[in-house]
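The structure appears right after this line, and notes come after that.
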Amino acid sequence: MKIEKKLIKELVENLKEFNLTELEYQEGQTKIKVSRAARAMEHSKTSAVAPQNKAVLKDSIQNDNIRIKSPIIGTAYLAPEPGAKKFVKIGDKIKKGQTVMIVEAMKTMNHVPSTNDGEVIKILVQDGQPVEFGQTLVLLK
């Protein structure tokens with residue numbers, strides 16, 4: 001199946017233009033669903049789903065990387081307070097148990113620890129961005 005990147009981009013633009021959180025398009029056997037987190041436009045999260053294999057398009061993320069996921073729904077913060085040094089940055093070598101960020105939920109600051117030793121290769125959220133339970137926050141190798 002050939003993925004229609006132009007169509008997906010157009011659907012994502014429609015999400016933004018009409019302030020939608022989800023949009024589904026179907027033509028014959030081809031079905032495309034795009035969605036984003038309900039948040040300010042600059043923090044939108046999009047995905048597309050193909051019907052036959054339900055494959056989700058990602059940013060070419062390798063399966064062998066270690067994923068640190070959000071333990072709760074809340075707002076992610078990359079530093080302990082505004083203007084402070086970030087907990088981790090790309091290229092940092094970190095240890096299991098080291099705090100990688102904070103997720104605030106109901107005015108409670110919850111530290112997110114690293115699940116393994118490794119090197120930070122990608123931080124997938126921005127400071128102040130809302131996150132979902134189980135959402136990948138950081139990738140380690």
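Using the Cβ atoms and a cut-off under 13 Å, what net charge is assigned to the surroundings of SER114, where Lys and Arg are +1 and Asp and Glu are -1? Provide the component values of the computation, followed by the final result.
Working: positive: ARG67, LYS69, LYS93, LYS95, LYS96, LYS141; negative: ASP92, ASP117, GLU119.
Here the charged neighbours net out to +3.
Taking the Cα centre of the range 66-140 as origin, work out the dipole magnitude from +1 charges on Lys and Arg Cβ and -1 charges on Asp and Glu Cβ, in debye rounded to 20.
Magnitude of the dipole: close to 180 debye.
Which of the lysines could a cross-linker bridge to LYS6, judged by Cα under 21 Å and excluding same-chain residues fewer than eight apart?
Cross-link targets: LYS16, LYS31, LYS33, LYS45, LYS54, LYS58.
Around ILE72, under 12 Å between beta carbons, what's the net of Lys plus Arg minus Asp minus Glu among the other residues? Intermediate results must be reported in sequence, preceding the final value.
Details: positive: LYS69; negative: GLU104, GLU132.
Within the 12 Å Cβ shell, the charges total -1.
Values quoted throughout were computed directly from the atomic coordinates according to the rules given, and no laboratory measurement underlies them. All figures in this text were calculated on a predicted structure; none of them were measured in a lab. Here the Cβ is made from the backbone with ideal geometry for all residues, glycine too, and neighbour counts use every protein chain on show.
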